[in-house]
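No lab work stands behind these numbers, since they all come straight from the coordinates. Here the structure is a predicted model, which means the values were calculated and not measured. Positions of Cβ are generated from backbone atoms using ideal geometry, with glycine treated the same way; all protein chains shown enter the neighbour counts.
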Amino acid sequence: MAEPIVVMKRYELKYILSPAQCELLKNRLAGHMQIDQYGLTSIASLYYDTPDFRLVRTSIEKPAFKEKVRLRSYGMATDSSPVFLELKRKAYGIVYKRRVQSTIPLVEKFFDGDGDICAGGQINSEIRYFRDLYENLSPKCLIIYDRTAYFEPDGDLRLTIDYNPRYRFHDLNLTTSMDGALLLPEGYAILEIKVQDAMPLWLTKALSEGKIYKTSFSKYGTAYAKQLVSALAG
């Protein structure tokens with residue numbers, strides 16, 4: 001499937017919000033940013049990895065360059081509904097993302113080594129190279145959350161708040177359910193600020209007022225670490 005294809009390059013800054021910080025921030029957003037047309041949306045991301053979890057283990061080490069691939073759906077998917085295969089790379093703080101719309105059967109066929117994911121071009125070559133480089137990629141973890149996305153009218157600032165982030169290492173598909181174990185304490189959320197240039201002063205002040213501090217956080221990496229602890233405890 002050739003369209004749509006999306007290429008993104010931006011800084012992504014992450015924060016963990018307590019319930020009180022979340023309410024303060026939402027109040028400060030009023031008058032500066034608007035909720036996008038989709039409102040609160042449940043998102044599921046199926047992460048592919050090698051048999052020995054090479055990609056997530058590398059990510060946890062926080063190298064200057066890291067990359068991952070995931071299949072994303074908005075709500076539960078079917079074999080015919082659109083899903084989005086994303087190749088995400090981070091180099092020296094800048095995030096580069098290649099994204100292609102497809103369907104579950106076509107993606108499964110692609111990871112079985114049969115054919116391309118889209119009709120040629122640079123993005124197709126990059127995703128195919130990634131698949132062939134790591135070999136034997138298969139679904140390893142499902143991350144789910146309920147997201148509200150905000151945008152700045154007439155600007156490039158984007159901001160998302162992910163509520164109830166959860167994960168599972170069983171039923172690794174986008175068609176079964178949106179259930180999973182909590183990734184954070186109940187009521188906590190993940191803030192991501194996505195900007196191409198500098199953060200506006202009003203937002204910097206809001207973060208300072210709420211004592212909201214930037215952190216390094218990976219949903220897949222945190223889920224993997226929790227799974228390891230659970231396995232050791234069991």
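May I ask you to evaluate 6.51 cos²θ - 1.76 cosθ + 1.60, the Karplus curve with θ = phi - 60°, for each residue of the range 48-64 and list the ³J(HN,Hα) values in order in whole Hz, giving x for glycine and proline?
With coefficients 6.51, -1.76 and 1.60, one gets 9, 7, 7, x, 9, 6, 4, 5, 6, 5, 5, 4, 4, 6, 6, x, 5 Hz.
Hand me the GluC sites (Glu not before Pro) from the range 59-151 located in a DSSP loop with no more than 15 other Cβ atoms within 10 Å, in residue order please.
Counting only loop positions with at most 15 other Cβ atoms within 10 Å, the GluC sites (Glu not before Pro) in the range 59-151 are E61, E135.
Between L157 and residues 5 or more places away or on another chain, which pairs have amide H atoms under 5 Å apart, with H built 1.01 Å from N, and which residues are they?
Residues meeting the amide H criterion: E152.
So what is the 222 nm mean residue ellipticity for the chain from helices alone, if each DSSP H run of at least 4 adds -39500 (n - 2.57) and you divide by all residues, rounding to the nearest 500 deg cm²/dmol?
Using -39500 (n - 2.57) per qualifying helix, the result is -8000 deg cm²/dmol.
Taking the range 133-215, which trypsin sites (Lys or Arg not before Pro) meet the DSSP loop condition and have no more than 13 other C-beta atoms within 10 Å?
K211
With only alpha-carbon pairs counted, each pair once and no self-pairs, how large is the Kirkwood hydrodynamic radius of the range 37-120 in angstroms?
One decimal place: 14.3 Å for the Kirkwood radius.
In whole Hz and in residue order, list the ³J(HN,Hα) couplings for the range 183-200 that follow from phi through the Karplus curve 6.51 cos²θ - 1.76 cosθ + 1.60, θ = phi - 60°; x for Gly and Pro.
8, 10, x, 4, x, 7, 9, 10, 9, 10, 9, 10, 9, 8, 10, 7, 6, x
So between Q34 and Y74, what do we pick up on full extension, going 0.36 nm a residue minus the alpha carbon distance?
Net length gain for the segment: 12.4 nm.
Excluding residues on the same chain fewer than 8 positions from K219, give the lysines whose Cα lies under 16 Å from its Cα.
K14, K62, K66, K68, K88, K90, K140
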